[in-house]
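Trainee: Dropping the structure in here first, questions after.
The values are calculated or read from the model by the stated rules, or taken from the named source; none is laboratory data. These numbers come from a predicted model, not from an experiment. In case anyone asks, the SASA skips ligands and DNA or RNA and just uses the protein heavy atoms, side chains included. Shrake-Rupley method; radii C 1.70, N 1.55, O 1.52, S 1.80 Å.
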Amino acid sequence: MTTDAEPTTLEDEIRKERSTMSLYVSIVLLAALMAVPDSGGHGHAEVLGIVWGSTIGLTLAHLFAFRVSARLVSEGRIPSRDARIAGAQLVGSVVVAILVTIPVAALPRSAELDVARVVLAVYVALVGYRVASTSGGTRSRSLAYAAIVLVGALGIAVVKNVLGGH
């Protein structure tokens with residue numbers, strides 16, 4: 001891992017925070033949906049409740065913590081830079097929830113869980129692919145990196161479920 005390149009502009013930081021939040025929400029949603037039994041007799045409302053309940057809960061907790069810590073380091077104020085970053089984080093989380101909502105709402109109940117899991121996994125892998133390809137990686141290296149990122153995300157989701165008793 002190289003650490004010498006830091007975001008140089010506000011736009012870089014906003015893009016980073018939006019991506020971070022979308023990946024974070026994706027991994028947590030993947031863990032939550034992996035914990036739901038395929039034969040549970042669930043419906044669209046239950047799956048959408050998991051998706052949106054988890055997304056809203058995570059986003060509110062994150063934005064609350066971000067706001068408090070922003071005030072901590074800015075003498076009680078929230079600089080406009082931090083407000084824009086918080087907005088980007090909100091967008092990152094909502095985009096993921098919408099990406100999962102579309103197939104869940106459009107597909108039969110028998111396929112919704114599997115498709116929702118696949119959508120999240122593909123999203124995580126695509127972000128990994130983009131990281132590698134925009135860093136100059138060849139197509140094969142970018143695919144390999146995407147696979148590594150996906151395996152890492154799935155591993156985190158499994159650990160979350162095992163430690164959470166699911």
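Trainee: Accessible area of the chain with a 1.4 Å probe: how many percent of it is carbon plus sulfur?
Mentor: On the way: 6400 of 9780 Å².
Carbon plus sulfur share of accessible area: 65 percent.
Trainee: Which of Asp114, Asp12, Asp82 ends up with the largest GNM mean-square fluctuation for the chain, with Cα atoms connected below 10 Å?
Mentor: Asp12
Trainee: Looking only at Thr55, Thr20, Thr138, which one moves most when the chain is put into a Gaussian network model with springs between Cα atoms under 10 Å?
Mentor: Answer for the Gaussian network model of the chain: Thr138.
Trainee: Also, I was wondering about something else. So with the 1.4 Å probe, I'd like the accessible area per residue for the range 4-67, rounded to whole Å². Could the numbers behind the result be given before it?
Mentor: Numbers: 3460 Å² over 64 residues.
Ligands and nucleic acids excluded, the figure is 54 Å² per residue.
Trainee: Looking at the chain as a GNM with Cα springs under 10 Å, which of Val124, Val28, Val73 has the largest mean-square fluctuation?
Mentor: Result: Val73 has the largest fluctuation of those listed.
Trainee: Find the accessible area per residue for the range 97-147; the probe is 1.4 Å, ligands and nucleic acids are left out, and the unit is Å².
Mentor: Numbers: 2910 Å² over 51 residues.
That works out to 57 Å² per residue.
Trainee: Further, regarding this structure: Would you calculate a helix-derived [θ] at 222 nm for the chain, using -39,500 (n - 2.57) for each DSSP H run of n ≥ 4 and dividing by the full residue count, to the nearest 500? Spell out each step's value before the answer.
Mentor: On the way: 5 runs with 134 residues, N = 166.
Calculated from helices alone, the mean residue ellipticity at 222 nm is -29000 deg cm²/dmol.
Trainee: Report which label in [x] -0.40, -1.16; [y] -0.48, -1.22; [z] -0.52, -1.18 holds the value of log10 I(q)/I(0) by the Debye sum over Cα atoms at q = 0.11, 0.18 Å⁻¹ derived from the coordinates of this structure.
Mentor: [z]
Trainee: Taking every pair of Cα atoms in the range 48-114, average 1/r, invert it to obtain the Kirkwood radius, and report Rg/Rh to two decimals.
Mentor: Numbers: Rg = 15.8 Å, Rh = 13.5 Å.
Radius of gyration relative to Kirkwood radius: 1.17.
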